[in-house]
Amino acid sequence: MTWMPRVAITVLTCLGLSIGAAPAQRPSGDEGPSFGKVNPKQLDRMLNPENDGPFYMINLIQFREKAVYADGRETDLTGEEANALYSPVAELQKIGARPVFVARVEDQRLGDDTEWDQVAIVYYPSRKAFLEMLQRPEFQERSIHKDAGVGRSTVMVSRRIDPPTPPGFTPQSPPFPATAEDRPLELIHVLRYRDEAEYASAPAQPLSGREAMGKYDAAAGPVALPLGAYPTAWFEIEGVYIGDERSWDEVRIHHFPSHATLEKHFADESRAAAERHREAGLADVYSLQTLPVFNRLGSP
């Protein structure tokens, strides 16, 4: 279709990105990329979907300390303040999209030295609708604030999958409920599996990374559920749209009624003993302890 190349150019232009370019603090006057690399394979999937339909865009966001605008304008805005000016809720509504989750990262329990500040998830009715939004002048005008405020971002295209909760599961009354001083939280895991699990001592039967992680889940789930903790939502990653050349397989969001619940969960000896399976199965991971600003993902 003749419009596809123009859409691809628009996608890159309005995001302030070019394929294969690394994130950087933009020098004055530089119109190049700022907060990530576009994955050309995922861009092609967006432009030419085999079966278009609803999807979720999961954003890990690190704000600049101070906003840096491409046009060199002087500003006292922080990166977070500039990104707040971007907030394209009206443009999302016009295409049937909507934010479903925004949370502040309180603590980063696992991962490299990238310190994420926020996790945001947006539901889109289709890739076609997403690409149409990118071409709207109003959206492009807002995007300059995102480009100015975000120092680094990983953006993943995903679909929601069923977590392994028992049939008919309903959350129990937690033994450690939330208080005014101890708010509920969402623990977010971003996972990449090994093809084959790597144990310190090789098991009799080789396991895939997913199978090893399943053994950890089998130990951790029975500990979490009686505490009133449960999976909020799981996502399978189709591909990384913007990032740092790493791939990811799943994002898991788990609800904990309080920080006391989370610490009780981590202190459990049977869960801790099973951590070897998680470590054997994962090639890469972020584990982000977050405080939701709003959450429309729903409970089981």
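The values are calculated or read from the model by the stated rules, or taken from the named source; none is laboratory data. For clarity, every value in this text was computed on a predicted model and none was experimentally measured. FYI the Cβ positions are ideal-geometry reconstructions off the backbone, even for glycines, and counts take in every protein chain you see. Please note that ligands, DNA and RNA were not included when accessible areas were found on the heavy atoms of the full protein model with its side chains. Shrake-Rupley method; radii C 1.70, N 1.55, O 1.52, S 1.80 Å.
Annotations
- Subset of region 176-211 [among the acidic types (Asp, Glu) and touching a strand residue (DSSP E or B) at 6+ places or on another chain (Cβ under 7 Å)]: Glu186
- Selection within region 175-195 - in a loop (DSSP other than H, G, I, E, B) and open to solvent by 40 Å² or more (accessible area, probe 1.4 Å): Pro175, Phe176, Pro177, Ala178, Thr179, Ala180, Glu181, Arg183, Pro184, Arg194, Asp195
- Filter result (more than 20 Å from Val102 (Cα to Cα) and touching a Cys at 6+ places or on another chain (Cβ under 6 Å)) within region 136-193: Gln140
- Inside region 153-171, residues that are modelled with pLDDT of 95 or more and open to solvent by 80 Å² or more (accessible area, probe 1.4 Å) make up a count of 2.
- Test: residue in region 197-206 that is open to solvent by 50 Å² or more (accessible area, probe 1.4 Å), among the charged types (D, E, K, R) and part of a loop (DSSP other than H, G, I, E, B): yes
- Counting only helices (runs of 4 or more DSSP H) wholly contained in region 45-150, the ones carrying 3 or more residues that are open to solvent by 80 Å² or more (accessible area, probe 1.4 Å) and either touching a residue at least 24 places away in the same chain (Cβ under 8 Å) or among the basic types (Lys, Arg) (or both) occupy 79-86.
- Count of region 81-99 residues which are acidic (Asp, Glu) and within 30 Å of Ser126 (Cβ to Cβ): 1
- When Phe256 is tested against (1) farther than 23 Å from Val293 by Cα; (2) in contact with a helix residue (DSSP H, G or I) (Cβ under 6 Å, 6 or more places away or on another chain), just one condition goes unmet, and that condition is (1).
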